[in-house]
Ligand SMILES: C[S@@+](CC[C@H](N)C(=O)[O-])C[C@H]1O[C@@H](n2cnc3c(N)ncnc32)[C@H](O)[C@@H]1O
């Protein structure tokens with residue numbers, strides 16, 4: 001079964017649950033990354049494991065060539081409808097992020113909201129890095145938004161575990177699994193992450209529960225895998241989607257953002 005199938009098969013509720021992000025601001029940061037490291041204007045992008053494809057939809061609005069790929073039929077159908085409703089041109093592809101070929105090379109590849117975590121082994125991550133690099137133009141960037149490594153080692157996690165979001169008449173309470181809910185396999189570094197959405201809509205209450213095996217990726221492993229891939233170098237590491245926030249162990253450094261550049 002796919003990871004978090006119970007939740008990803010209900011994309012509208014997933015979209016509400018993760019709708020707290022400032023997508024426009026995040027896209028501004030991504031545009032600035034290309035300006036800073038590739039010294040050109042961002043014209044084309046691929047969003048992998050795109051889910052509701054919010055970033056691709058925003059880039060479509062800005063007139064960029066935007067590809068959004070995901071392996072879930074339900075997510076793609078939802079994202080396609082959302083793009084149509086919002087009159088944004090996005091090209092959707094049902095593909096596995098480990099192996100894909102776009103119709104054209106792009107300036108930027110993005111993997112948002114810790115989507116790399118679904119690649120459980122070093123071999124899968126390396127295959128992904130090589131595939132992404134093959135779809136990028138020279139000096140192209142791969143921006144990865146990852147969970148802060150502290151979340152694997154301490155109870156003071158940066159992400160969640162519980163938050164509430166309301167959109168129109170729908171209320172979603174998310175429990176993305178606290179530290180003590182996680183079952184870690186210390187040999188494989190794969191964590192069984194439990195998540196639960198409680199949805200209140202039209203006077204009814206729904207509860208979606210799911211489990212996903214996710215890879216714990218530390219900073220040193222990330223650095224080693226990037227070097228081993230032979231296709232990327234680290235342009236910068238940040239603690240948020242913000243150049244001013246360095247990656248450290250302060251509370252403001254709430255995630256691990258890696259900007260990789262094709263070599
Ligand atoms: C966390 S969700 C979506 C995250 C999305 N990037 C965002 O910012 O909201 C993860 C998505 O990854 C997709 N996914 C998981 N493994 C995948 C794979 N190997 N290839 C492509 N998509 C995958 C799931 O179907 C799901 O839609």
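Report yes if some residue within region 205-223 is under 20 Å from residue 20 (Cα atoms), touching a residue at least 40 places away in the same chain (Cβ under 8 Å) and not assigned by TED's automatic domain parsing to the domain that holds residue 31; otherwise report no.
Yes, some residue in region 205-223 is under 20 Å from residue 20 (Cα atoms), touching a residue at least 40 places away in the same chain (Cβ under 8 Å) and not assigned by TED's automatic domain parsing to the domain that holds residue 31.
Of 152, 142, 179, which residue is touching a residue at least 24 places away in the same chain (Cβ under 8 Å) and within 16 Å of the ligand (Cβ to nearest atom)?
Just one listed residue meets the conditions, 142.
Need pairs with beta-carbon distance below 9 Å; first residue farther than 18 Å from residue 72 by Cα and part of a loop (DSSP other than H, G, I, E, B) and within region 1-25, second within 8 Å of the ligand (Cβ to nearest atom) and modelled with pLDDT of 90 or more; sequence gap 6+ or separate chains.
19/52; 19/54; 21/54; 21/112; 21/113
Take the conditions modelled with pLDDT under 95 and either surrounded by fewer than 16 Cβ atoms within 10 Å (Cβ to Cβ) or in the same structural domain as residue 22 (by TED's automatic domain parsing) (or both) and apply them to residue 58. Does it pass?
Answer is no for this residue.
Can you tell me which residue within region 60-77, out of those that are out of contact with any strand residue (DSSP E or B) (no Cβ under 8 Å at 6 or more places or on another chain) and within 15 Å of the ligand (Cβ to nearest atom), is farthest from residue 124 (Cα to Cα)?
Result: 77.
Determine which member of the set 42, 64, 76, 69 is at pLDDT 95 or above, farther than 19 Å from residue 172 by Cα and in contact with a helix residue (DSSP H, G or I) (Cβ under 8 Å, 6 or more places away or on another chain).
42
Can you tell me how many residues within region 125-162 are part of a helix (DSSP H, G or I) and under 23 Å from residue 104 (Cα atoms)?
Adding up the residues that qualify gives 10.
Just the residues that are in a helix (DSSP H, G or I) and either in contact (Cβ under 8 Å) with a residue 12 or more places away in the chain or in contact with a strand residue (DSSP E or B) (Cβ under 9 Å, 6 or more places away or on another chain) (or both), please, taken from region 78-112.
78, 79, 80, 82, 83
Output the residues belonging to region 11-29 that are within 11 Å of the ligand (Cβ to nearest atom) and buried (at least 17 other Cβ atoms within 10 Å of the Cβ).
Selection gives 11, 14, 15, 17, 18, 26.
Would you confirm whether or not region 30-49 contains a residue that is over 26 Å from residue 235 (Cβ atoms), within 16 Å of the ligand (Cβ to nearest atom), in contact (Cβ under 8 Å) with a residue 12 or more places away in the chain and part of a loop (DSSP other than H, G, I, E, B)?
No, region 30-49 contains no residue that is over 26 Å from residue 235 (Cβ atoms), within 16 Å of the ligand (Cβ to nearest atom), in contact (Cβ under 8 Å) with a residue 12 or more places away in the chain and part of a loop (DSSP other than H, G, I, E, B).
Filter region 99-127 down to the residues that are within 14 Å of the chain's Cα centre (by Cα) and near the ligand (Cβ under 9 Å from one of its atoms) and list them by number.
110, 111, 112, 113, 114, 115, 117, 118, 119
The values are calculated or read from the model by the stated rules, or taken from the named source; none is laboratory data. Nothing here was measured: the structure is a model prediction, and the numbers come from that model. Here the Cβ is made from the backbone with ideal geometry for all residues, glycine too, and neighbour counts use every protein chain on show.
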